[in-house]
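Written out below as structure tokens is the structure these notes cover.
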Amino acid sequence: MSAPQPAGGELRTLEANLRLSQSEYFLRRSYLRSMPRMLGLVLGNACNLDCPHCYQEKNGDNLLHPVQIGQQFRRELLSLYPYLSTLRVQGGEVLAYRGFREIVEDVAAVTRRPLLSISTNGTLIDDEWAEKMVRLPFSSATVSIDGGTPETYAKLRRGSELPLVLANVARIRKWKEKLNSARPELDSFFVILRSNFREIPQYLELARENGFVDVALQTAEFNRVNSTREPVFAEQEAIANYPGDVAELYALTRDVLPRAREWFRIVRLSGLQSLFEKHGYDASFLRERENGLYPDSADLSTSAEGSFELCPNPWTTLFVAENGNVHLCFLAEPVGNLYEAPLVEIWNSPPALAKRLRMIRGAYMASGCSSRWCAWREGQAASPMKAKAEPYIPVPVISEDSAGLPAVRRMLAGNNRRLHEAEQALRAMDEEFQRMRRSILVRAAAHVARKWERVKSRMAGIIARSR
Ligand code: SF4
């Protein structure tokens, strides 16, 4: 049995949304009439493993609990599925959550497109899940493997064994072969630490041998949670604190990357550019601008190499964390919380508009972007309309039959959008003005202080001479 094909109406909805999204990105709109193409859900933070570098608070937060709220949340999600290219679900360990099965069934009930993608530690992929992943609308599965040898892997993925995970990956491959399906595609994720970075070449070999088509290398995040839970580990493993290791990682990456780029469709990188540049290295060979984590955005790139003049994520992505926080990018600060407002409202809420506007102006850090991974973008304002494709500007068709309430609503929605955008643009200008004013005041105060010092010393001289 091959993967089911999507119906025509469904494809038209998806296509129309993608074209609208593309034109809004190139026109640098902050209020979006297009819906997100990529929805990321961190269902919970509970996990069957105990990885020392895990940055999540293990407090039991779960988007599907309590059950009644979980059901309502699932209903809200249903309205977004027709527009999505990807529904990315992760945990903790997603296959350990009771409600995940229902989400899979919801998706299968409304669409035949393979839009489900999961991130998993790979330990719970039994034969039943392996078959489901091939039969149901899964597009990809990312398996976290933070070592190139069983020993290092077991040390960092506490509670798991590398052979077990690779055997589970093989189950999926077996079902793909059996059902003659190209999906789900398998990719892998490697978190870079001091104790595992020398194994990157082995890891890449291993990923290649086990059928992974893409790999991602990302520097570890040490935050309040893992630094408190594992203070010694955090101190020992944070590569940025050890210039000698950064130099070694730099040389190793330069050596291995060209080879890896031949083996995999894409080698995604995140955090290395900021790390290397901070230590004074030329990081242009990484091509992180093209190979960063920009899901479902290929049509928004403005160069043949696939780079993005303006980071596309807030024009494509909604990401919901296990505590309900809603982000426009998995690396950025939240712009709302689903327990306060519906997801579609947050998508165009004032903080969301402000974030997009600030990013267009190049104020990435002020917009809440990640200083660890994306500081290299700061100050790069985006020029409007660098479209490689002809922009698609949708005009509502209002005929005799369709006039009435829907037409009025469309008109009012258009007005609201313009008002929102104007309001946010004013707010951004006001912030800029306040910043300039502050710096003028600071400079003026420093100037007066210098003058006062000079007057004081001159007076002291006069007094001394007159004595
Ligand atoms: S943090 Fe900001 S610049 Fe970085 S990927 Fe996310 S939206 Fe883009």
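Bear in mind that the values in this text are calculations on the coordinates, not laboratory data. Please read all numbers here as calculations on a predicted model, not as lab measurements. Counting neighbours? That spans all protein chains shown, and the Cβs are built from the backbone with ideal geometry, glycine included.
Scan the stretch 49-69 and tell me whether some residue there is in contact with a strand residue (DSSP E or B) (Cβ under 7 Å, 6 or more places away or on another chain) and either under 22 Å from D126 (Cα atoms) or of a type in the set (V, I, T) (or both). Break it down stepwise before answering.
Kept after step one, since they are in contact with a strand residue (DSSP E or B) (Cβ under 7 Å, 6 or more places away or on another chain), are these residues of the stretch 49-69: 53, 61-63.
Cutting the leftovers down to either under 22 Å from D126 (Cα atoms) or of a type in the set (V, I, T) (or both) gives us none.
Scanning the stretch 49-69 turns up no residue that is in contact with a strand residue (DSSP E or B) (Cβ under 7 Å, 6 or more places away or on another chain) and either under 22 Å from D126 (Cα atoms) or of a type in the set (V, I, T) (or both).
Condition first: in contact with an Asp or Glu (Cβ under 7 Å, 6 or more places away or on another chain), farther than 16 Å from S181 by Cβ and not in a helix (DSSP H, G or I). Now tell me which residues in the stretch 121-170 satisfy that. Of everything in the stretch 121-170, those that are in contact with an Asp or Glu (Cβ under 7 Å, 6 or more places away or on another chain), farther than 16 Å from S181 by Cβ and not in a helix (DSSP H, G or I) turn out to be N121, L124, T142, G147, G148, T149, R157, R158, G159. Check whether at least one residue in the stretch 141-148 is over 18 Å from T123 (Cβ atoms), small (G, A, S) and surrounded by 18 or more Cβ atoms within 10 Å (Cβ to Cβ), and report yes or no. Yes - at least one qualifying residue is present in the stretch 141-148.
Within the stretch 335-359, the residues that satisfy the criterion of being surrounded by fewer than 20 Cβ atoms within 10 Å (Cβ to Cβ) and either within 12 Å of the ligand (Cβ to nearest atom) or among the acidic types (D, E) (or both) are E340, E345. Counting residues in the stretch 245-266 that are assigned to a helix (DSSP H, G or I), of a type outside the set (D, E, K, R), buried (at least 18 other Cβ atoms within 10 Å of the Cβ) and in contact with a Gly (Cβ under 9 Å, 6 or more places away or on another chain) gives zero.
I'd like the full set of residues that are over 21 Å from the mean Cα position of the chain (by Cα) and part of a helix (DSSP H, G or I), limited to the stretch 277-307. The answer is E277, K278, S284, F285.
Kindly indicate the residue of the stretch 308-334 that is among the small types (G, A, S) and buried (at least 17 other Cβ atoms within 10 Å of the Cβ) and also nearest to the chain's Cα centre (by Cα) among those meeting that condition. Break it down stepwise before answering.
Here is the first cut: in the stretch 308-334, the ones among the small types (G, A, S) are 321, 324, 332.
Still in the running and buried (at least 17 other Cβ atoms within 10 Å of the Cβ): 321, 332.
Numbers: A321: 12, A332: 8 Å.
Among those that are among the small types (G, A, S) and buried (at least 17 other Cβ atoms within 10 Å of the Cβ), it is A332.
With respect to (1) touching a Pro at 6+ places or on another chain (Cβ under 8 Å); (2) farther than 18 Å from S297 by Cα; (3) part of a loop (DSSP other than H, G, I, E, B), the lone exception for E57 is condition (1).
Please specify each residue of the stretch 304-320 satisfying the condition of being away from the ligand (no atom under 14 Å from the Cβ) and out of contact with any helix residue (DSSP H, G or I) (no Cβ under 8 Å at 6 or more places or on another chain).
Going through the stretch 304-320, the residues away from the ligand (no atom under 14 Å from the Cβ) turn out to be 304-306, 320.
Hit for the stretch 304-320 is A304, nothing else.
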